[in-house]
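Encoded as structure tokens, the structure appears first; notes follow it.
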Amino acid sequence: MNKIWLIIKREYLTRVRKKAFLITTLLVPIFFAATIVIPVLIAKSGNSTQKVAVVDDSKLFDQRLADSDNVHFKFLEANADTLKKSYQSLGYNGLLHIPKLDLNRPSGIVYYSEGQMNVGVKSQLERRLNELIEERRMEVAGIDKEKLKDIRSDVDIVNKTGKDEREGSSKLAFAVGYGCGFIIYIILLVFGMSVLRGVTEEKVNRIAEVVVSSVKPFQLMMGKIFGIAAVGLTQFIIWIILIFGLYTAILLMVSPAEIQSAQSMQGSMNNEAAEEIARSLAYVGANADWLMIIICFIFYFLGGYLFYASLFAAVGSLVNEDPNDIQGLTFPITVPLIIAIVIMMGAVSDPTSKLAVWASIIPFTSPIVMMARIPYGVPGTVPVWQLALSMVMLIGGFILTTWMAGKIYRTGILMYGKKITLKEAIKWIVKK
């Protein structure tokens, strides 16, 4: 046990002292902050005022296009063919020509500009013109607009879950499940490949020969797996602290209205989505079972990592000087991860489907798929027996893969110059 601890310490200190660790640790929170700050800066610097000349031959919209913060409309009594040649010299950024329209089939509206039409201006114009045409159609049909508003219904179904009738949000569960599953997928792939590269490097550089002379190959493999896991956890904790700190600092410098304005400008958040997020955040702290989600996330993060790290370590011991060997040998390991992320995309929409249930139990896919199901509720959507069986299977799978990987590692780490196939590696497992 002492030797394993020494290897863990060596692996941990060697990696955290590298410049790559420091750069990666700092870049992720900075990228997160940039996704919030940059749109705000763009929105502030990019709020140029557009002056649009309007020639309305239909007389349906005269003075009814309201100005916005960055678009001002000016209705002109002029010939459109003449004005489209001189609107720029008059100080306008564009010319909107509305010909005489058939309300049943409105067409022929043209916007003239020197360059491509601004996306925001186009969206605003189309939305407002459609509203005005609908209003005019109602007037012609003798429909009272105010009565129509009273007739329209806006049903909002409140979801009550469990015996305690806790209020839930399917959209929030979808987002949390998708996010957790995708994060674990990235972690398993990135840190699993880190284990593989570490083992390969030591084998190619003949470092393993020196280390194996004093410790057993199985001990070396276990120390490497847990050492890199500790590096990953350290990085993950630093990310959470830095992201929380940066987010708090951003909120002190930038108002929520500016953030929402920037997001609205980019088209990434409409009113309905904003209202849904606001409703979700209003009760998320009191009603979402975050303790269960966090505990399960940590378990499946560690369990999934240990399960796949042992497999990647075994593959690393089979790789020789030819880097092309890595692609062929890692393919059988990465395929289950790809299958898991595909199943997860369906599981976040239908967490009780048979495919989602069994994929959340099988160790090869459970770390990703089960985390997509848990936000929907335990024991509501995910029965306790399914969660318990999934955890037991993952622990058992880790023990089994570690034992198998140890047998492969013991022989493969000292073999050089020969291309080793998976068939040979399986023989090493079966051999006593």
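The numbers here are math on the coordinates, done by the rules we state, and not lab data. Owing to the predicted nature of the structure, the values given are computational and were not obtained by experimental measurement. Cβ sites come from the backbone with ideal geometry, for glycine too, and all protein chains shown count toward neighbours.
Annotations for the structure displayed:
- Working from label points 7 Å from Cα in the Cα-to-Cβ sense, the LYS216 to LEU291 distance is 4.0 nm.
- Convex hull volume of the Cα atoms of the stretch 49-150, normalised per residue: 110 Å³.
- From least to most packed, judged by other beta carbons within 10 angstrom and beginning with the fewest, THR49, THR200 follow the order THR49, THR200.
- Percent RCO, i.e. relative contact order, over the stretch 49-150, from Cα pairs under 8 Å lying at least 6 residues apart: 26
- Modelled spin labels at ASN130 and PHE31, positioned 7 Å past Cα toward Cβ, are 3.5 nm from each other.
- Using only side-chain charges placed at the Cβ, +1 for Lys and Arg and -1 for Asp and Glu, the dipole size of the stretch 296-410 relative to its Cα centre rounds to 360 debye.
- The modelled label-to-label distance for the pair SER123/ILE186, using points 7 Å beyond Cα in the direction of Cβ, is 2.5 nm.
- Residue ranges 220-226, 55-61 sort as 220-226, 55-61 when ordered by packing (mean number of other C-beta atoms within 10 Å per residue, highest first).
- Extension gain (nm, one decimal) between THR24 and LYS171, 0.36 nm per residue minus Cα-Cα: 49.8 nm
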